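Step one of this worksheet: look at the structure below.
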Amino acid sequence: MKVLVKYRGELARLAGRESEEMEASRVDEVLRQIKARYGAQAFKEAGRMLITVDRQSVTLLQNRRTPLKEGCTVAFLPVCGGG
C-alpha cells in the first residue's frame, strides 16, 4: 500500500526531507525502510519518536504492528516534555 510518511525534528534533518511516499502495509515496514534509506541513526531517532497513523498514536493501536491502509499518513513526531 502507498502511504504518506511525514518526518519532523531531527528525523527530518537526517532524512533530508519532511515527507515522502512509501509502499508499506505495517508501521514496522516503514521503520525498516527508514533504516535502509537513511541509516541506523535515523532508525534510532524514529524509534524514539511518537508515531501516529492518521493522527492516532500507534500505542493506542497495535504499536509497530499497526496495519496501514492505502493513502493513510504515518507521522514521526518529536516527544516533548516539560513541567
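The values are calculated or read from the model by the stated rules, or taken from the named source; none is laboratory data. Worth saying up front: this structure is predicted, and the values here are computed from it rather than measured. Note that each Cβ is placed from the backbone with ideal geometry, even for glycine, and that neighbours are counted across all protein chains shown. All accessible areas refer to the heavy atoms of the entire protein, side chains included, with ligands and DNA or RNA removed. Shrake-Rupley method; radii C 1.70, N 1.55, O 1.52, S 1.80 Å.
Filter region 22-32 for residues that are open to solvent by 40 Å² or more (accessible area, probe 1.4 Å) and in a helix (DSSP H, G or I); which is farthest from Val74 (Cα to Cα)? Going through the qualifying residues, I end up with Arg32. Take Phe43 and tell me if it is within 12 Å of Leu11 (Cα to Cα), in a strand (DSSP E or B) and of a type outside the set (Gly, Ala, Ser). For Phe43, the condition - within 12 Å of Leu11 (Cα to Cα), in a strand (DSSP E or B) and of a type outside the set (Gly, Ala, Ser) - is not met. Consider region 49-72 and keep the residues that are aliphatic (A, V, I, L, M) and not in a loop (DSSP other than H, G, I, E, B). The one that is nearest to Glu23 (Cα to Cα) is Val53. Here region 1-21 is the region considered, the condition is being farther than 16 Å from Leu77 by Cα and in contact (Cβ under 8 Å) with a residue 24 or more places away in the chain, and the residue that is surrounded by the most Cβ atoms within 10 Å (Cβ to Cβ) is Val3. If you check Arg17 against the conditions, is it of a type in the set (D, E, K, R) and assigned to a helix (DSSP H, G or I)? Considered against the rule, which asks whether it is of a type in the set (D, E, K, R) and assigned to a helix (DSSP H, G or I), Arg17 comes out as no.
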